[in-house]
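Quick note: the coordinates plus some simple rules give every number you see, no bench work behind them. Predicted model, so just to flag it, every value in this text is computed and none were measured. Cβ coordinates were reconstructed from backbone atoms using ideal geometry, including for glycine residues, and neighbour counts include every protein chain displayed.
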Amino acid sequence: MAEKSYAVIGLGRFGSSVVNHLHKAGYEVMAVDENEERVQEHVEAATHAVQADSTDEQALRDVGIGNFDVVVVAIGVDIQASILTTLLLKELGVKRIVAKAQNPRHGQVLYKVGADRVVFPERDMGIRVAHNLVSPNVLDF
Ligand code: ATP
């Protein structure tokens, strides 16, 4: 079975961490951001690093987004851009979309427009730390 290919849109702390980990693990990963500086910072850490506005359907087509098995939407602050990007990815036939949400309402909307999985990095990390505090014998999960 061929290995999965990934694209990560939004190269803030969260998106950057996802890109770095996937790349180090040996997967094909395309890093996308509208900010050219952020893109340049990821040239070494990704298979391809491209500058594009993910709310622009043609720009998404131009970077071949439909060819990736999994696309991670790691845009946080600009909720409108996060939602529109997720909707476009769905319309363009991306098989698996993982999106980051700022709050529960944002998460609900992301599911409605087509996200297959929504993550809440701060909340999820808080839960993980709490688990480790109360169950120190449990290995990290
Ligand atoms: P983190 O907490 O992970 O650092 P954040 O929640 O603060 O990130 P933002 O700073 O809003 O998230 O966005 C992360 C990245 O997404 C930024 O580098 C920003 O340039 C990029 N971004 C925002 N909108 C778009 C867009 N429409 N197309 C491409 N990239 C975008």
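Details
- For the listed peptides 7-18, 123-134, a ranking on the average number of other beta carbons within 10 Å per residue, highest first, reads 7-18, 123-134.
- DSSP bridge analysis restricted to the stretch 1-98 gives an antiparallel fraction near 0%, rounded to the nearest 5.
- Mean residue ellipticity (222 nm) of the chain, computed from DSSP H runs ≥ 4 via -39,500 (n - 2.57), nearest 500: -12500 deg cm²/dmol
- Mean Cβ count within 10 Å, highest first, over the residues of peptides 35-42, 107-114: 107-114, 35-42
- Residue order, fewest to most beta carbons within 10 Å, for Thr55, Thr85, Thr47: Thr47, Thr55, Thr85
- Take the Cα of Val129, step 7 Å toward its Cβ, do the same at Asn35, and the gap between the two points is 2.3 nm.
- Residues whose amide H falls under 5 Å from that of Gln102, counting only those 5 or more places apart or on a different chain, are Gly107, with hydrogens built in the peptide plane.
- Anchor Lys90: aspartates and glutamates whose Cα lies under 18 Å away (excluding residues fewer than 8 positions away in-chain): Asp53, Asp56, Glu57, Asp62, Asp69, Asp116
- Shape of the stretch 1-130, Cα gyration tensor, a/c cut at 1.5: rounded
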